[in-house]
Every structure is written in C-alpha cells, then in structure tokens.
1. Given the condition of a type in the set (A, V, I, L, M), exposed (fewer than 10 other Cβ atoms within 10 Å of the Cβ) and at pLDDT 80 or above, answer yes or no: does some residue in the range 19-30 qualify?
2. Could you say whether any residue in the range 78-86 is in a helix (DSSP H, G or I), at pLDDT below 85 and touching a helix residue (DSSP H, G or I) at 6+ places or on another chain (Cβ under 8 Å)?
Amino acid sequence: MQRKTVRWTRAALTSKLGFGSIFRLRKHLVTEVIMRPRDRILANLESLYRESYERARAAGETARMVDLESAYMRDQLMLEILLDVRDLFANPPAAQEGSTLERLDQLRRLVRR
C-alpha cells in the first residue's frame, strides 16, 4: 500500500533552450511507502498454502500435498530473509553509519561468511 503525495519544487535542473537557461517548476512525485507488518505477510503466505493444501487433501493428491508442504517451508524461509533485509534497511542500527552502498557491502560480506 502506498500513499502518494505530489510536491512542487523549484527545479535545480535547468533546460537550455536557445540562448538562455529557464528555471521551471517541476512536478515531482514523492511516494511514502507504508510497509505491511511481518506477521500479516507471513499469515497471507500461510493462508495461501493452507487453501491449496486443503484442496489437494480433498482431492486425495498425496504427492501434491508433500510438494506444497516443502514449497511452503522454502517460501517461508526466503520470505523471512527478505523481511529481515527490509527491516535492516528500514531501521538501521544506531551504531552503524554510512551510505546505503556501504551497508550493502556490509551485508554482502556478512552473507559470504
């Protein structure tokens, strides 16, 4: 879910038209992202797989049930990792300073261990 606001700013960008520069007001779209809570995301994943699992059980598809169970565990693990990375960039630790690129480099080094 995103809330979009429009902000008018005096553009530092100048356009060269003919013999001079013209300062123009540019309309920049600023988005404020509101992230969904971790529990809600994981609950949505669980309900999706639970519905599919129940359909497979009703149809007597044992192999499909096993596949869904392993796929759920894999997707849950990957999603939790992505949510951890999201939280890392949304709320960096106070002692950690640096640009986003430096934090990405730290994350890369952490993953390589």
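1. no
2. At the first step, the residues of the range 78-86 found to be in a helix (DSSP H, G or I) are 78-86.
Applying the additional criterion that residues be at pLDDT below 85 yields none.
No: the range 78-86 contains no residue that is in a helix (DSSP H, G or I), at pLDDT below 85 and touching a helix residue (DSSP H, G or I) at 6+ places or on another chain (Cβ under 8 Å).
The values are calculated or read from the model by the stated rules, or taken from the named source; none is laboratory data. Predicted model only: the values in this text are computed from it and were never measured. Every residue, glycine among them, receives a Cβ derived from its backbone with ideal geometry; neighbour counts consider all protein chains shown.
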